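See structure below.
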Amino acid sequence: METTSSRIAAALDYAAVAVEGNTTTVAVPWERAHEAGEALRREGYDYLIDMVGVDGGDTLGVTCYLSQSENPAHVLKLKYSTTERERPRLTSLHDLWGTANVYEREIYDFFGIVFIGHPDMRRIFLRNDWKGYPLRKDYVERNDVPLDNERIDDMERVCTVTLEMGQEREAVSKLFGEEEYVVNFGPQHPAMHGVLHLRASLDGEQIRSIDPVFGYIHRGMEKMCESYTYPQILHLADRLDYLSGTMNRHAVCLLAEKALGLEAPEKAHYVRTILDELTRIASHLLGWGCMAMDMGAITAFVYGMRDREKVMDIFEETAGGRLMAGYGVIGGLAQDIHPNFQKRVSEFIPYMRKMLREHHLLFTGNPIARGRMEGVGRLTLQQAVSLGVTGPSGRASGWHNDMRKIEPYAAYGKVDFEEVMRSDGLTFDRYVIRLDEIEQSLRIIEQLVDNIPSGAWAVKTKPVVKLPEGEFFQRVENARGQFCVHVESRGDKSPYRVKFRSPSLTLVGGLKAIAPGTKVADLIMLGASLDYVIPCIDR
Amino acid sequence: MEVKNIRIKNIPHEEFKDNEYLEKYVAQLREGGVNVVVGALSDLINWGRSNSVWPLTFATSCCGIEFMCVGAARADFARFGWEVTRNSPRQADVLMVFGTIVHKMAPVLKRLYEQMAEPKYVMAVGSCAIGGGPFKSSYHVVKGVEEIIPVDVYVPGCPPRPDAILYGMLQLERKIKVQNFFRLPAGPHPDESSKTEGDGDNE
Ligand code: SF4
């Protein structure tokens, strides 16, 4: 690591480089951000984890979290900012990392920073007629609930700002040409994957390109976090990707514990790990059922939900909640586990194994299902890395990106399990990898459930949790991929800035990449195979 | 006020809570000149209507997952005739709003409601749909769907359990049963229906 950072320092002589643990921070003037990005790309930083927009008071800036697909444990922060608040401009990095495209649109939407050279400077979550930039500190609420539909022209108006010899030039174009045949899909639609609005340009039955429209469930969580206390934020994290609620919550807990220098008791680590894996099983079962349902097989959905109820029962008994368990807290668990917990979990493991075989028999082997899934929707490894498609979908393309292996947190370091990998990146791979992951989750639970240490389940925290000043970052593996939390604290009881990295957002980027050329009838299935959760995207 | 024969699958009237609401509703329907001692034909139609309520699936977030649970094997709303979830508002009887409604979604929701054929009902399920829920302080969240469309039944919870959602569904069935199909009230609530003298759409 040392050598990397010294190499970077030598290559970027205009940058301020600081090393702290596993993280290197590189600050550059914004005019040279692209140059720095190119140099880092050459150093092997091919994975842009997240881009965080920050309103620093007198500056507006960006923090990019970068990593290497070969060495994903290493994280590098690239920072650049501008002091211009009226007409803020920064350089776009969309040509270096595919994910930067959506992240920069998001920052434009929230902070009003225009990225020079970005091909598509549209708002991403909010409507085009939204007044102001909500995540700026000086934002004043002045938007009423609109009752008229958004105009298509507004949705399609693409703006690009370029810099030519110091002169700014603004070019406006339309997303789809006049001759293109565009079909709207959503936001209310029968597919089981939430209120995503897709606009697909068709060529006969084939898809030419798609344009996802987000924001139909943008709840403004990140802004809310800025006025909430840390224990309150946990509840918002639950409701981001509600199918991985426990894991998202886990991420925030781990982050706060790391910042406070707390160590949760061993028991809490064990139980959190078990619950995380149970949640993963529940989520994959739902994902499996919904994917089958999206392909027209309702039986599989009912089977999946039936098994999921078993997990919900365990949650309900121990945590008191079904979908929103609300069980992990900063410092450990909310309460002790139920006396039946171990028994119930141990009973669930053989049951689930048996059912897994049945699910394979029912659907995986079905010739119609195979016929639809095989050979469709290839996502290459290179695309997966550039677009940041993590989780089972990324692993189906052969990218080792499992945070449980990369940075074993909680009790993952103590158990023996396999990171399930496939290499083709086809729909069938993404489908089957989830079922295989259920098996691995069962293995993890099996090793832990009988060894849950006795004793305290939480350490005491101060009544008001205040994180020390600084920036904190935590990654966990949720059911859809890498879920990351970035918190900037100024020592108060509420954070200064919170950013959640949604693995689902990048999954939709994956959909955009694989959809062209496929049949329109397969679009829903492709989306289902990526298994995104829309409220997590919109936050 | 006796509200008789409002049983759902042999669950007697007394087993339900919030009966005062229904009684008040019936009282006000009568005051407003609507005859609740409905004829045999209306009873027959209501029997059919209340036992085959087709919901429009409109799940935006977390609560939608519990809706899936209601539809799946354990809770199984097919027992009460709700299993035909429709994806087109034109075929649906009840708009079930699950989850948060945000500014960008509000016009879509309104339009969906307007596209539904009369008589139509709305259920607001979950704290978000009722009043913004945990996101009440957000800049982009509608503080309850009632700001946009009238609501018949509220099911609180974050998310409500499947049993609670089922209970809400049964309450709606009861409400349908006391109405006179030929003179449907205009508003969803007692006060509103008495004001408007119950001239709804009677097609
Ligand atoms: S009420 Fe709770 S569970 Fe339901 S959509 Fe709102 S936040 Fe999610």
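The values are calculated or read from the model by the stated rules, or taken from the named source; none is laboratory data. Being a predicted model, the structure only gives us computed values, none of them experimental. Glycine gets a Cβ as well: all are built from the backbone with ideal geometry, and neighbour counts include every protein chain shown. Side chains are part of the model used for accessible areas, which takes the heavy atoms of the whole protein and leaves out ligands, DNA and RNA. Shrake-Rupley method; radii C 1.70, N 1.55, O 1.52, S 1.80 Å.
Observations on the structure shown:
- Residue by residue along A:239-246, Cβ atoms of other protein chains within 10 Å of the local Cβ number 3 on average.
- Mean projection of the Cα convex hull over all viewing directions, computed for chain A: 24.5 nm².
- When the protein assembly as shown is described by a simple charge dipole with +1 on each Lys and Arg Cβ and -1 on each Asp and Glu Cβ, the residue from A:Cys225, A:Val17, B:Trp47 located farthest towards its positive end is B:Trp47.
- Over 30 Å (Cα to Cα) - which of A:Lys79/A:Lys519; A:Lys466/B:Lys136; A:Lys77/A:Lys519; A:Lys310/B:Lys120; A:Lys137/B:Lys143; B:Lys17/B:Lys120 fall in this group: A:Lys79/A:Lys519; A:Lys77/A:Lys519; A:Lys310/B:Lys120
- Summed buried accessible area for A+B [probe radius 1.4 Å, Å², rounded to 100]: 3900
- Restraint check, A:Lys223/A:Lys462; A:Lys343/A:Lys414; A:Lys174/A:Lys499; A:Lys174/A:Lys512, Cα-Cα greater than 28 Å: A:Lys174/A:Lys499
- Rounded accessible area per residue of the stretch A:415-513, 1.4 Å, Å²: 34
- Computed packing ranks the peptides A:172-178, B:90-96, A:533-539 as A:533-539, B:90-96, A:172-178, most packed first, by mean other Cβ atoms within 10 Å.
- Note on exposure: B:Trp82, B:Trp47, B:Trp54 ranked by accessible area (1.4 Å probe, complete protein assembly) read B:Trp47, B:Trp54, B:Trp82, with the most exposed listed first.
- For the stretch A:120-140, residues shielded by at least 30 square angstrom of accessible area compared with the chain on its own, probe 1.4 Å: A:Arg127, A:Trp130
- Computed from backbone phi with θ = phi - 60° and the Karplus coefficients 6.51, -1.76 and 1.60, the 3J(HN,Hα) list for the stretch A:303-320 is 5, x, 5, 4, 5, 5, 4, 4, 5, 4, 4, 4, 4, 5, 5, 8, 9, x Hz; x is used for glycine and proline.
- Averaged per residue, the stretch B:76-161 has 32 square angstrom of accessible surface, using a 1.4 angstrom probe with ligands and nucleic acids left out.
- For the stretch A:435-535, GluC sites (Glu not before Pro) are listed when DSSP marks them as loop and at most 15 other Cβ atoms sit within 10 Å of their Cβ; the list is A:Glu469.
- The alpha carbons of the stretch B:15-191 occupy a box of 48, 35, 32 Å along the principal axes, longest dimension given first.
- Radius, Kirkwood style, for the stretch A:1-95 when every pair of distinct Cα atoms is counted (Å): 13.5
- Rounded to the nearest 500, the 222 nm mean residue ellipticity of chain A from helices alone is -12000 deg cm²/dmol, with -39,500 (n - 2.57) taken per DSSP H run of at least 4 residues.
- Selection of chymotrypsin sites (Phe, Trp or Tyr not before Pro), the stretch A:1-104, meeting DSSP coil and at most 12 other Cβ within 10 Å: A:Tyr14
- Relative contact order, percent, the stretch A:2-140 [alpha-carbon distance under 8 Å, six or more residues apart]: 19
- For a label point 7 Å along the Cα-to-beta-carbon line of A:Arg306, residues of the stretch A:321-361 with backbone N under 12 Å: A:355-356, A:358-359
- The stretch A:24-127: GluC sites (Glu not before Pro) in DSSP coil with no more than 16 other Cβ atoms inside 10 Å: A:Glu43, A:Glu70, A:Glu84, A:Glu86
- Fraction of the pair-distance distribution of the stretch A:114-216 above 22 Å, Cα-Cα pairs, percent: 45
- Per-residue accessible area (protein heavy atoms, 1.4 Å probe) orders B:Lys143, A:Lys77, A:Lys460 as A:Lys460, B:Lys143, A:Lys77, starting from the largest.
- Interface burial in the stretch B:72-100, defined as at least 10 Å² less accessible area with all protein chains than with the chain alone at a 1.4 Å probe, covers B:Ala72, B:Ala73, B:Arg74, B:Asn87, B:Thr100.
- Here the Karplus curve 6.51 cos²θ - 1.76 cosθ + 1.60, taken at θ = phi - 60°, turns the phi angles of the stretch A:88-93 into couplings of x, 10, 9, 8, 7, 10 Hz, with x standing for Gly and Pro.
- With R₀ set to 22 Å, the beta-carbon distance separating A:Gln382 from A:Asn22 gives a calculated FRET efficiency near 0.30.
- The portion of the accessible surface of the stretch A:2-140 made up by carbon and sulfur, rounded to a whole percent, is 47 (1.4 Å probe; DNA, RNA and ligands excluded).
- Taking the DSSP beta bridges with both ends in the protein assembly as shown, the antiparallel portion is around 75 percent.
- Residues whose placed amide H lies under 5 Å from that of B:Phe58, excluding near-sequence neighbours: B:Met96, B:Phe98
- Summing charges over neighbours of A:Glu439, with a neighbour being any other residue whose Cβ is under 13 Å away from its Cβ, gives 0 when K and R count +1 and D and E count -1.
- Remark: accessible surface ordering of A:Val26, A:Val19 (largest first) is A:Val19, A:Val26, probe radius 1.4 Å.
- Across the stretch B:72-79, computed HN-Hα scalar couplings (Karplus, 6.51 cos²θ - 1.76 cosθ + 1.60, θ = phi - 60°) run 7, 4, 6, 7, 6, 6, 4, 4 Hz from first to last residue, x flagging Gly and Pro.
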